[in-house]
1. Of the residues C:Leu348, C:Leu320, only one is buried (at least 24 other Cβ atoms within 10 Å of the Cβ) and among the hydrophobic types (A, V, I, L, M, F, W, C); which?
2. When you go through (1) open to solvent by less than 30 Å² (accessible area, probe 1.4 Å); (2) closer than 25 Å to B:Lys72 by Cα; (3) more than 10 Å from chain C (Cβ to nearest Cβ) one by one for B:Pro115, which number turns out not to apply?
3. Quick test for you: out of C:Asp269, C:Asp261, C:Asp218, pick the one residue that is open to solvent by less than 60 Å² (accessible area, probe 1.4 Å) and out of contact with any Lys or Arg (no Cβ under 7 Å at 6 or more places or on another chain).
4. Would you mind stating whether C:Gly82 is more than 23 Å from C:Thr179 (Cβ to Cβ), open to solvent by 10 Å² or more (accessible area, probe 1.4 Å), assigned by TED's automatic domain parsing to the domain that holds C:Leu180 and modelled with pLDDT under 95?
5. Go over the candidates B:Arg195, B:Arg138, B:Arg164, B:Arg201 one by one and state the one that is within 23 Å of the chain's Cα centre (by Cα), open to solvent by 30 Å² or more (accessible area, probe 1.4 Å) and either more than 8 Å from chain C (Cβ to nearest Cβ) or within 20 Å of B:Glu43 (Cβ to Cβ) (or both).
6. From the list A:His315, A:His379, exactly one residue is within 17 Å of the chain's Cα centre (by Cα) and open to solvent by 20 Å² or more (accessible area, probe 1.4 Å). Which is it?
7. Please count how many residues of the stretch C:156-214 are under 19 Å from C:Glu49 (Cβ atoms), without any contact (Cβ under 8 Å) to a residue 24 or more places away in the chain and not in a strand (DSSP E or B).
8. In the stretch A:44-86, what residues are closer than 22 Å to A:Val188 by Cβ and free of Cβ contacts under 8 Å to residues at least 40 places away in the same chain?
Amino acid sequence: MKQNHFDAIVVGAGPSGNAAAYTLAQRGLNVLQIERGEYAGSKNVQGAILYADALEKIIPDFRDEAPLERHIVEQRVWMMDDAGHTGMHHRSDDYNEDKPNRYTILRAQFDKWFSRCVKEAGATVIYETTVTSLMRDASGWVVGVHTDRNGEGITADVVILAEGVNGLVGRTSGLREELKPENVALAVKEMHFLPQEVIDARFNLKGNEGVVIEAMGTITEGMVGTAFLYTNRESISVGIGCMVSDFTDVGQATPHGLLDRFKAHPSIRALLEGSEIKEYAAHLIPEGGYRAIPELVGNGWLVVGDAGHFVNAVHREGSNLAMTTGRLAAETVADIILSGGSCSRHNLAAYVEAVKDSFVMKDMKKYKDIHGFLKKGRHVVDLYPRLMNRAAQTWFRVDGVDKKSKESTIVREAWRARGIGGLMGDAFKLMRAWR
Amino acid sequence: MRIFVCIKQVPDSAQIRVHPVTNTIMRQGVPTIINPYDLFGLEEALRLRDRFGGEVTVMTMGPPMASDSLRKALTYGADRAVLLTDRFFAGSDTLATSYALANLIQKASENWGQPDIVFCGKQTIDGDTAQVGPGIARRLGLTQLTYVSSIDEIDPSHGTITVRRRADHGVQVLQSRLPAMITMMEGSNEIRRGRIEDALRAASAEVVQWNAAAAGITDLGHCGLRGSPTVVKKVFAPPSREEKATLVGEGAANPAAVANDLITQIFARQPVLEGDLMHAAARH
Amino acid sequence: MNSSAPRPPAAAGSRAGMKKELPEHFRSYKHVWVFIEFEQGEIHPVSLELLGEGRKLADRLQVELAGVLLGGCGAALTGAAGICHSYGADVVYVAAHPVLADYRNEPYTRVMTDLVRKFEPEIMLLGATVLGRDLAGSVATTLQTGLTADCTELAIDDERSLAATRPTFGGSLLCTIHTLNFRPQMATVRPRVMPLPAPDTSRTGRIIEYQAELEESDIVTKVIDFLADRNSESSQLAFADVVVAGGLGLRSAENISLVQDLAHVLGGDWGGSRPLVQKGWIPSDRQIGQTGKTIRPRLYIAAGISGAIQHRVGVEGSDLIVAINTDPNAPIFEFAHLGVVGDATVLLPALTEAFRSRLAVNRLAG
């Protein structure tokens, strides 16, 4: 075997790359993982949700060692207007279970831990190295990678591209189309540090319980997007994201401007009061949905995670899809290599089948039209939250007006704002997109 | 040439925070780096090795985690890495640290031969003392060459070296003998980007790990807290001044008005300064 | 490695680190010493600053303050000793020897350690200059005693122990360090951290000459040339009456000129915060703060500097601190005397213009 030859090269050390590299190493393959950051997680935006199920399938006892912040016992979904919010809160003591389902994590720490697992499983991991292009043989078959370091290229039977939404290789090697502004969201996040006791008190939490708030409405100034707030152990992650195309086409706002407004909102401000801001970071999220998924396999290569646009924007899931696709890709590759097969496009297609059979593609498919619906009906992100808040206020304010008249006011206002046709149409379109 | 490079893993000081409420250091999540001043010595060592042949051994004393920094040094091209780690070293001040490192260097010399040069960082960014390098030199009887901006001549076979050394009012050109302990000035070179082969080798290389006994340190009275003549009696946040700044120019119509308000306030508080500035301005 | 490495003195044998009781053999150690940096025929100002500080410590301990002068020419050293007396030294130890003409670590370390062993001071202070840092570590290691670097405050506690306070953790906190059971207690202090005392030329004192036994042939390192800094344009920063400095609030390297313009009009000097050095906007000898230069001007204007503690410790000695920052919660407003909440890139040109016309008007009037 050549010195610089590996069974597989994994490009990137985010959730999908780590899942792939770990799985391959566990199966006994000779794996090289190449990360461009100084360490795994160094390029990652802090503060995120970890979905236990996807990781459990890779590292069953991850809870014993992974750096987890809080497990989530309460979900708040808020429709916001300028003065407040109307929403749904769901909280249950059932979430205080042996193996909680969702956690808040700090990505920098979590990714570092995951990367350590990868190394302990036997993979070779190098950092601060950018894969600049794929190495191909005369027939175009991918046989390795070139990097930005001096020296020879590195060869492998297969290259797994887990390089994220904006990966260099995907763009330069013509495997994927250029990113379209309407297929990618720009999210900005901040970490706000507060003592644990303060967070516990503000959100009515004890032990490692955590809360997630997801919000939409006038805070995005008519753009399609959502804001969020997660409680970590000693910090709060707060952020907002909108489609890149909307920043140029719809609003005048900058991402940072939107975040400042969100933080100053009466419903949010008090939750963050007295905190110290640490990090500010921006991140691209592929939200093009099902229709944006690129070619996933070819001779000697496959694509996983964000690079494959595997993000469920409606449910704000991404890292679980990333880990799952990473694992499925690795399992496919391991099966092929261990049975002496070649990593041809034909053989690697088993990965695509596995993704289709999983929740990943089923969910992606379910929401394949929601994107188009929101794009055409931008008013829904602005108008309906406004109406809901107005309706709630009309309903709860005790002011001598009888309840029957209040009902009529609410209906009339909705009618006036959107018209009966509009209301029915929105409902119908949403149903169809949701189905 | 045989070269040893002492490095230290330090928290990236740019990212250290003090807890807003408890005023304690929040170490959680603060990334660690190789002390930036150490990299100038490492690069100089690599250049000398490339020129004369030989090998570069990087070493440090620290917690097991410090092997990350040693591995990083290997990706730059160092040949070997040694970590001295033992709970006995916890709480070492500079004297105890130089004791441990001098012993580490002795032990390494027994294994791989005497070094021609030991590079240390000019100072660390977390301690800022600049004492450990001189301490090592003293203990091992090495020629001490600190604040070196360039190595002009070196002849390993005759053991001679000529360096430029940054002094307070100029540059000393010093001729001396090896073996030497050298600290390099910042900016004297730029750490290289290791080759892909170095990165691959570093990823799977073994970092040699020694505890106190393995490094031949038997007198633990010289180590850690016990071996440190200095005692930290108190750590505290700087007292905040009673009075905060008087804000000037609030509600002023334009920058010029703010500027005039401010100048009036400045000279009201420093009446003599105005005359002095006037004279200074007149001299211009 | 050669085997002639100095052996630690037997005196420092027992190392019961945390024991508070000063061992018997150190009880005779008395008096406060300041190492006087004497190069190119001049005393480094930091040594005079330390004499001022050492005087206070000596008075508190009711002991003598001594300066220690090493050099090549006896006559020049005697003159320098007189200056030391006028800045508060009761005694000056003078070691004149051709080998000591230029600073070199080896002979200086040898003479300093011999002097300490012979005359037994309880405290020794050195400037945290290139020379002082090079020497202090060698001397402390040879004597096997404690050394605290870059102190910002020195005091004597109730047990007659030196309490040396210095920034720690990259300047975000302060810590107070003691050398409880070893002597001398050594500390270095950066230039300009302590105020320069007013000299009293009528003051006199003793001179104790010390005959160092040195042979040039024993000294391995030779000074073959000295290239004096011709271009010392930035060396005045620490001593300027007026300093204007910029921080990240300037937003671009080009805007450094706004800082320079104002400094020029005020006849002062200019600098910047650490991030600007890291970004390469200004050279490192222009950095103001704990790891850069400490300044004590009569007027300090900080433009677009947030005022992290590491910056604060470098400017706190200024008579009047003026801060300009867009963030009203910036820590710099905690220790500035006057503040303007606003954009430095707008305010600086306005200030420059206003100062220029004000000083011009006054000149005409005067």
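The values are calculated or read from the model by the stated rules, or taken from the named source; none is laboratory data. Note that the coordinates shown come from a computational prediction; the quantities given were computed from them, not determined experimentally. Because the Cβ atoms are built from the backbone with ideal geometry, glycine has one as well, and the counts that use them run over all protein chains shown. For accessibility, only protein heavy atoms count, side chains too; no ligands or nucleic acids. Shrake-Rupley method; radii C 1.70, N 1.55, O 1.52, S 1.80 Å.
1. Numbers: C:Leu320 fails: buried (at least 24 other Cβ atoms within 10 Å of the Cβ).
Exactly one of C:Leu348, C:Leu320 is buried (at least 24 other Cβ atoms within 10 Å of the Cβ) and among the hydrophobic types (A, V, I, L, M, F, W, C), namely C:Leu348.
2. Every condition holds for B:Pro115 apart from (3).
3. One residue alone meets the criteria, C:Asp269.
4. For C:Gly82, the condition - more than 23 Å from C:Thr179 (Cβ to Cβ), open to solvent by 10 Å² or more (accessible area, probe 1.4 Å), assigned by TED's automatic domain parsing to the domain that holds C:Leu180 and modelled with pLDDT under 95 - is not met.
5. Being within 23 Å of the chain's Cα centre (by Cα), open to solvent by 30 Å² or more (accessible area, probe 1.4 Å) and either more than 8 Å from chain C (Cβ to nearest Cβ) or within 20 Å of B:Glu43 (Cβ to Cβ) (or both) holds for just one of B:Arg195, B:Arg138, B:Arg164, B:Arg201, which is B:Arg164.
6. Details: A:His379 fails: within 17 Å of the chain's Cα centre (by Cα).
Testing whether each residue is within 17 Å of the chain's Cα centre (by Cα) and open to solvent by 20 Å² or more (accessible area, probe 1.4 Å) leaves just A:His315.
7. Of the residues in that region, 1 qualify.
8. None - no residue of the stretch A:44-86 is closer than 22 Å to A:Val188 by Cβ and free of Cβ contacts under 8 Å to residues at least 40 places away in the same chain, so the list stays empty.
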